[in-house]
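The values are calculated or read from the model by the stated rules, or taken from the named source; none is laboratory data. Predicted, not measured: the structure shown is a model, and the values here were computed from it. Counting neighbours? That spans all protein chains shown, and the Cβs are built from the backbone with ideal geometry, glycine included.
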Amino acid sequence: MTAPKKHSKVETGFHIVLNNLVQLNVAVDEIGPDYNPPTPDISASALITKENNTVPVMDFWETTEADEQAIQIARYNGFHNIPELNIRIVSMMITYGADKKLIKNTRSIVRSLRGARKYVPKAKAAAKAVPDAGSELAKILKRSVSSLSFVNRVGKLEKLVKIIGEIPGYNPNEPDLKIPALNAYIADLKLLNKNEGKTSKKAKNARAARDKALFDFKTGVVTLGARAKNYIKSAFGPKSSQYALVKNLTFTNLLR
């Protein structure tokens, strides 16, 4: 009998579905030639092909999921310094004796740029799959004092830097408050936004491919696995040693 294989370092509900197909194929191999279903799509060879085709889909999804989380955390933390930076900029404007009306307008921009606290990821619970949009990371990223998007925040910060650039003689001694440093920071934020957009699109496509491989109504792992399991139950009986090999394998659509 072939030893069970595991295709993921992280055990989630989605991986459990695939691993149950792996266990089903082990059982079918043990049953041998007596496993002879009437439909070719759940034959022993078809189930092996389904496993082999699904493994790279799951691996790619797992990789893109990790990439997406990494870039989202990087972007979120990249924007973390904005609130304190704003306060320092306004204080420097006052130091330079800037016009009170200009300072008032600047403070209005500052209020709109206030964001959430720095995100420090916790260990991801992996025993059970949860909807992607309901992850801890997704909730944290939505928790913000301001409803501004990351792109709009960059635009507001650019406007703020343009204002202080018009103050006569503005050239503070602090390197990070100088105009070139602020523009470089803005460029970094724009790059983070661009990278996040590309990575999230790739992850979205990977999730769609994962869902099709696992949960497609006709060709998904859940459908084929459940049908093969029921064939074994029918062919050999619910109390047979053959059915005992697959009895505890569950094939559940996690998207329903």
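Listed by position, the helices (runs of 4 or more DSSP H) enclosed by the range 80-142 that each have at least 3 residues that are modelled with pLDDT of 80 or more, more than 22 Å from A181 (Cβ to Cβ) and more than 17 Å from the chain's Cα centre (by Cα) are 100-112. Evaluated against (1) out of contact with any Gly (no Cβ under 6 Å at 6 or more places or on another chain); (2) of a type in the set (V, I, T); (3) surrounded by fewer than 16 Cβ atoms within 10 Å (Cβ to Cβ); (4) modelled with pLDDT of 50 or more, I179 falls short on exactly one condition, (1).
This table checks each residue for (1) surrounded by fewer than 17 Cβ atoms within 10 Å (Cβ to Cβ); (2) on the phi > 0 side of the Ramachandran plot; (3) among the small types (G, A, S).
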{"site": "D29", "(1), (2), (3)": "yes, no, no"}
{"site": "T39", "(1), (2), (3)": "yes, no, no"}
{"site": "A70", "(1), (2), (3)": "yes, no, yes"}
{"site": "Y76", "(1), (2), (3)": "no, no, no"}
{"site": "I82", "(1), (2), (3)": "no, no, no"}
{"site": "I87", "(1), (2), (3)": "yes, no, no"}
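When you check S234 against the structure, is it part of a helix (DSSP H, G or I) and in contact with an Asp or Glu (Cβ under 7 Å, 6 or more places away or on another chain), yes or no? Here the answer is no, as S234 does not meet what is asked. Residues being part of a loop (DSSP other than H, G, I, E, B) and surrounded by 13 or more Cβ atoms within 10 Å (Cβ to Cβ): count how many of those fall in the range 152-174. Qualifying residue count for the region: 3.
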